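Okay, so here's the structure we're looking at.
The values are calculated or read from the model by the stated rules, or taken from the named source; none is laboratory data. What you see is a predicted model; the values in this text were computed from it and never measured. Cβ: placed from backbone, ideal geometry, glycine included. Neighbour counts: every protein chain shown. Quick note on the areas: whole protein, heavy atoms, side chains included, nothing else; ligands and nucleic acids left out. Shrake-Rupley method; radii C 1.70, N 1.55, O 1.52, S 1.80 Å.
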Amino acid sequence: MLSFDSAPIVYWAIAYLLALVVIGLNLKERVSRPLYLTAAVGLLVLMRLPAILLNRELNADESQMLSHALTLWQDPVYWRSVDGTTIGPLDNYLLVLPRLLGFQLDYTSARIMGLLCVVGSLLFFFRALNMWFGSNLARVAVLIPLLFLAFTQETDFVHYSSEQLPVFLLSICLALLADLTTESRLSPRRAFWLGLVAGMVPFAKLQAVPQAGLLVLGALYLAYQHYRQTQSGKPLLLLLLGGITFPALVLGWIVSMEIFQDFIDFYILGNAVYAGGSGLADIPTQFGKLILLSPDFTALLIVVALITISGILYAQRNPGQAALPGGLFVPVLIMGYGLAAIYAATKSGNLFVHYLNFCVYPLGLAAALGMQRIAQNKLLLLMGPLLLLAWFGLQDAVSFLKNRQLNSLISVEATSLPESPVVRALKPFATPTDRMVVWGWQCQYYVEAQLAQGTAENHSERSIFQHPLRDVYRRRYLSDMKRTKPAVFLDAVGKNSLWVQNVATQGHESFPELAEYIEKNYQFLG
């Protein structure tokens, strides 16, 4: 099987050559759009292969979501068998799809699904750019997110993250809104679809709701203006109908499955507790800290800032630039979309770099605004993409000179799913249809063992740390244990665990009722 060592020089050379070709195609006037997009997507896929083939956990969230997918394969009722805490059901159901096609649920299959979301996001983003800025400028502006997402090796942007599906849904909404902006008469059908997709966002990740809400507000404004001019309220009504359709279907399913209280307690209230980390005044500081954790995102931000400044200066010297199709509406919308993205990335108060995925395409839109002012100067227009590519080239060159390493995602002898000593030890005591419970936070054990979880949460953080809902989480934890009767119980609290390492205060004995149940119903094996 194909794998990548630390320095696949020829491969990297081909990738950079392809990137220069894609950038250079903008100097040609008659390159077809399908050919251009095929080359762009090909570059993205080429540079994501090292991460896809590395069948190892890059981020703890990957194991968490894969464990949920393994469980949903056996019991497909979300909030009964699975609680993704801040992660919505759609993110986890998406990972079940490879199993339906006969593939193993592992890190490779998860990253393939994530890559499909990234490709889809890029294509819908291009459509929005094309509607607002025209085909020529769209081809240049799409290079900003493309080069960043293709060449970054920071694990927060290449692992399967819970942001990839909501960003894809947001890009669909953005493209539909761009269509509405450029139409002389609003399409009721597009308004319905925008509402429908936006209504799906809360069930991918609640964190993305501010951005979806901003796009819906933009569509409501357009529909209202359309009503004032034509006295036709059909687009407005269908937008609202689309918006309530998916939540209504989910609510009906929740009630029929008798999990309404679980939905309220563990998705709505649980997320409210999680999201209480930062106030509005803390957001600028929080965003600054988050940026500094990602050199590649910092470079992206600097490049976009330079493009914007260049656009302002160039426009002052060369007045009379073409106006945007939506007039003032588009710049205001882009600014609001960016602020909503920053809010989404920072509100929880947690410094998780993968939250910055919400900001990549808003930065792409900001770059497009700046580029629109310098569109007459082709060479100046291409400076932004070239600077971004130069940043990654410099990073790779320094890495190679220091460590003889171009690729940090080494997949040699790591393309198959591993088995840790713990998993090898438990396998004789479990069959493929059995359940397992891991107290603490080591979700990779579920993935390595390919066993479904016996409790809705596959980590017990919310049953360990003190917060207003801890007793509710503990009651469900013990109730799930009694209902599913898992064959194996692992206490993973200790020095090698993630987050929870204090055995005395965080081991399963810290939950007396659980400790009593384990003592009565399980045999200690080691």
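Show me the trypsin sites (Lys or Arg not before Pro) within segment 127-203 that DSSP assigns to loop and that have at most 10 other Cβ atoms within 10 Å of their Cβ. Provide the component values of the computation, followed by the final result.
Details: sites: R127, R139, R185, R189, R190; in loops: R185.
Passing sites in segment 127-203 are R185.
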³J(HN,Hα) computed for each position of segment 486-500 - Karplus, 6.51 cos²θ - 1.76 cosθ + 1.60, integer Hz, glycine/proline x: x, 6, 10, 10, 10, 9, 9, 5, x, 5, 9, 8, 8, 6, 10
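Go through 515-526, 288-299, 207-218 and give me the packing order, highest mean Cβ count within 10 Å leading.
Values: 515-526: 10.9, 288-299: 15.9, 207-218: 21.5.
The most tightly packed comes first, giving 207-218, 288-299, 515-526.
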For V500, distant residues with modelled amide H under 5 Å away: W441
Crossing angle, helix 283-292 versus the chain [Cα axis fit, 0-90 degrees, rounded to tens]: 90 degrees
Acute angle (nearest 10 degrees) that the helix 9-24 long axis makes with the longest principal axis of the chain, alpha-carbon atoms: 40 degrees
Furthest towards positive pole of dipole, F133, T230, N350, structure part the chain, Cβ charges: T230
Furthest towards positive pole of dipole, T505, Q286, N59, structure part the chain, Cβ charges: Q286
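What is the dipole size for the chain, taken about its Cα centre, with +1 at each Lys and Arg Cβ and -1 at each Asp and Glu Cβ, in debye to the nearest 20?
Numbers: 36 positive and 33 negative charges, 332 e Å.
Dipole magnitude for the chain comes out near 1600 debye.
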Karplus 3J(HN,Hα) series, Hz, for segment 383-396 with 6.51 cos²θ - 1.76 cosθ + 1.60 (x for Gly, Pro): 5, x, x, 5, 5, 5, 5, 5, 4, 5, x, 5, 4, 5
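When the accessible area of the chain is split by element with a 1.4 Å probe, what percent falls to carbon and sulfur? If you can, show how the numbers build up before the last one.
Values: 14400 of 22490 Å².
Summing carbon and sulfur atoms, their accessible area is 64 percent of the total for the chain.
Mind checking the dipole of segment 404-526: about its Cα centre, +1 per Lys or Arg Cβ, -1 per Asp or Glu Cβ, Debye to the nearest 20? Walk me through the numbers before you get to the answer.
Values: 14 positive and 13 negative charges, 34 e Å.
The dipole of segment 404-526 has a size of about 160 debye.
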Which of T152, S187, L177, positive extreme of dipole for segment 129-197 (C-beta unit charges): S187
Cβ-placed point charges (K, R +1; D, E -1), dipole of segment 1-154 about Cα centre in debye, nearest 20: 700 debye
Among beta bridges that DSSP assigns inside the chain, antiparallel share in %, nearest 5: 10 percent
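Send over a whole-number figure in Å² for the accessible area per residue of the chain, probe 1.4 Å. Each step should come with its number before you reach the end.
Numbers: 22490 Å² over 526 residues.
On a per-residue basis, 43 Å².
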Under the Karplus curve 6.51 cos²θ - 1.76 cosθ + 1.60, θ = phi - 60°, whole-Hz ³J(HN,Hα) for segment 358-373, x wherever Gly or Pro sits: 5, 9, 5, 6, x, 5, x, 5, 4, 4, 4, 4, x, 5, 4, 7
Structure-derived semi-axes √(5λ) of the Cα gyration tensor in Å - corresponding label in (1) 50, 29, 21; (2) 42, 29, 20; (3) 53, 27, 23: (2)
Relative packing of 444-451, 23-30, 371-378, which averages over residues the other C-beta atoms within 10 Å, highest first: 444-451, 371-378, 23-30
Local net charge near M200, Cβ-Cβ under 15 Å (Lys/Arg +1, Asp/Glu -1): -1
Accessible area of S109 in the full protein assembly, 1.4 Å probe (Å², nearest 10): 10 Å²
On Cα atoms only, tilt of 512-521 relative to the major axis of the chain in degrees: 60 degrees
